[in-house]
1. Which cross-chain or sequence-distant (5 or more) residues have an amide H under 5 Å from the amide H of Phe129, H modelled 1.01 Å from N in plane?
2. So for the pair Lys19, Arg132, with labels modelled 7 Å out along Cα→Cβ, what separation do we get in nm?
3. Determine the gain in length on full extension of the stretch Val30-Ile4; use 0.36 nm per residue of separation and subtract their C-alpha separation, reporting nm with one decimal.
4. Accessible area per residue for the stretch 59-141 in Å², computed with a 1.4 Å probe and the full protein assembly in place, what is it?
5. Looking at the chain as a GNM with Cα springs under 10 Å, which of Gly52, Gly21, Gly100 has the largest mean-square fluctuation?
6. Viscosity 1.306 mPa s, temperature 10 °C: give me the Stokes-Einstein translational D for the chain in µm²/s, with Rh taken as the Kirkwood radius over C-alpha pairs.
7. For the chain, with a Gaussian network of springs between Cα atoms less than 10 Å apart, report the residue from Ala60, Ala11, Ala103 with the top mean-square fluctuation.
8. Heavy atoms only, 1.4 Å probe, whole protein assembly: order Ser102, Ser7 by accessible area, highest first.
Amino acid sequence: EEVISRSIENAAQIEREMKMGLALEVLQEVRKLNPNKNAYVTLGENGAYVSGEEGIVHVALREDYAMMVNDAIRKRRETINAAGDYFFAAVAYHEVFSKGMSAVNIAVKASENAIRHIGYWDYLPRDAFNVREPQTLLRAA
């Protein structure tokens, strides 16, 4: 049973890494076509890739905050359906009405909006989010 469980976990991890790798490739192509436009790709619980004046970055909750958010959501049994819709509603709002706000800050605000939608209402400081260069996640075959 333990071997099967590890195999399933490994398969899920590989699938996640492949999806994130594909999302990054797509965003890189979009950036080539529109280098002066902000672009966003959501990654579910893994945050979002953002293309803006900083280049392409990965915005995600720090692990300690992600654990708190996940625990709160499990306790409240909130749905995570439409979290991406809430993310992009906040992106649209800030792209139109928050002139001068960086794509990274928009992504953080949008992530907070999505997190609120799925049921986490506690305080999230700005440093609850990591902003990093995307990592090549795929392992060598």
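1. Excluding prolines and chain starts, which carry no amide H, the hits are Arg62.
2. Here the modelled spin labels are 2.0 nm apart.
3. Gain on stretching Val30 to Ile4: 5.5 nm.
4. Accessible area per residue: 65 Å².
5. In this elastic network of the chain, the residue with the biggest mean-square fluctuation among Gly52, Gly21, Gly100 is Gly100.
6. Taking Rh from Cα pairs, D becomes 98 µm²/s.
7. Fluctuation is largest for Ala11.
8. Ser7, Ser102
The values are calculated or read from the model by the stated rules, or taken from the named source; none is laboratory data. Note that this is a predicted model, so its numbers are computed, not measured. Cβ sites come from the backbone with ideal geometry, for glycine too, and all protein chains shown count toward neighbours. These accessible areas exclude ligands, DNA and RNA; they are computed on the full protein's heavy atoms, side chains included. Shrake-Rupley method; radii C 1.70, N 1.55, O 1.52, S 1.80 Å.
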